[in-house]
Every structure is written in structure tokens, then in C-alpha cells.
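Have a look at the structure below, then the notes.
The values are calculated or read from the model by the stated rules, or taken from the named source; none is laboratory data. As the structure is a prediction and not an experimental result, all values here were calculated from the model. Positions of Cβ are generated from backbone atoms using ideal geometry, with glycine treated the same way; all protein chains shown enter the neighbour counts.
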Amino acid sequence: MTPSIVSEETRERDKIARLSRSLYERGLSAGSSGNISVRLSDSDGWLLTPTNSCLGELDPARISKLDWQGKVLAGDPPSKEAFLHRSLYEARPKAGAIVHLHSTHAAAVSCLRGLDPADCVPPLTPYFVMKIGRLPLVPYHRPGDPALGEAIRGLAGRHSAVLLANHGPVVSGSNLEGAIYAAEELEETARIFLLLRGAPVNSLTAAQIEELKLVFKLDL
């Protein structure tokens, strides 16, 4: 019997549901917060988690499919932050997936005063540098404000991740696994950053960061 061929779209729908459930079960996405998207190949549009959906209870068949003009092709109505994902994809043509979470420690950092808007989490570990690089802070916009898309577009060409003030992180990757790993690394570094507040800290030096960029061929 000839084995059935599973389409790319079906595989990605299943993967979004499976990995989203893992994020939810580990406390990285509470309630109906957060949204995840994947770019399909051959300009066949993209997938996005539906509006008001819980990442722990996604039905793969009901995940939204959109074209690049924002028209819904299949599934439930998409997250109201679809424009945020589109802006980042347009600015980063090689991005294959985007993860937006309200993860606790990264969201907590986004509420702090006095952050460097160009680099709001210091390079505390090589892994943060390798997966995130410099993390700019996007000024506060209300959820669903289309102006947020333009703010992200202006930064995404130079940064694979941004932190939305009083909101949470938006992280891109070449594929869904890569975007999730980077989002997890950002959350862990945010936790370390908060634990170290008020203590003398040795961040990585410019020379150490340049060595990482050279050895691991980082585009930062």
C-alpha cells in the first residue's frame, strides 16, 4: 500500500497545536494570551492561531490560514494581532515562524522603568546573544493598535525579536522550533535579569560578543 502524503500545511497545523500545548503546560502562555504563526512555502499564505484561543487547546483544523493581504482562507477568525505578524514577516523575508507570548518574566521586564530602548536586556549569557542578539523595546501601544505593526516593521529588519512595552516578547525564527527556542531563551534570560537586579553583574563584553558572532556566524 502506498503511504499517504501529508501536506506541508497539515504538518504545520499539527506542529503548531503540539508545540503550543507544550508552551501552555509549562506556564509560558496563560489563558488565551499569546499567538503563534508559521509561513507556508511557495507563497501559499500563512497560519496563525485564532482569536481568543488557548494555546493549550488548539484544534489544528481550526487554526487560521491567511493570504498576504490578510484575507482569511480557512479556519477560525485569526488573532487580532495578525497585523503584527505580517509586519514582521514583511520586514524579515527569511522568517519562517513568529511566537508572541505574555511570558511572566519577559512581560515583567517590559514594565520596568529606565530600560535602554535599543537594548533592553543585557547580554548576560552567550545563549541569549546567539538566539536573540540585541533586544529593542517597542513603546507601549494598546493591544490591536495597527500603529504597533509599523513600529515593529521599523525594527524587525535589524532584529529577530522585540519586546513590547507593558506587554511581552515577539520572536521570529527560521522555523517554528527555532522561534520557540529563542522565545524560551529570552524568557530565561529575563528571569536571570530580574534575579540579578541590584547586584553587580558581569555582562558579556563587546569583544566576547564579536567572538560569538564570528565563531557561530551570527547575523546580529
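A few comments on the model shown:
- Filter result (surrounded by fewer than 20 Cβ atoms within 10 Å (Cβ to Cβ) and of a type outside the set (S, T, N, Q)) within the stretch 115-133: Leu115, Asp116, Pro117, Ala118, Asp119, Pro122, Leu124, Pro126, Tyr127, Met130
- Residue-level analysis places Leu58 outside the set of residues that are modelled with pLDDT of 95 or more, crowded, with 16+ Cβ neighbours inside 10 Å, more than 19 Å from the chain's Cα centre (by Cα) and part of a loop (DSSP other than H, G, I, E, B).
- Answer from Leu220, Leu124 - the residue that is assigned to a loop (DSSP other than H, G, I, E, B), within 19 Å of the chain's Cα centre (by Cα) and more than 26 Å from Ala30 (Cα to Cα): Leu220
- Residues of the stretch 101-114 that are more than 15 Å from the chain's Cα centre (by Cα) and surrounded by 17 or more Cβ atoms within 10 Å (Cβ to Cβ): Val109 alone.
- Residue in the stretch 121-132 that is under 17 Å from His102 (Cβ atoms) and aromatic (Phe, Trp, Tyr) present: no
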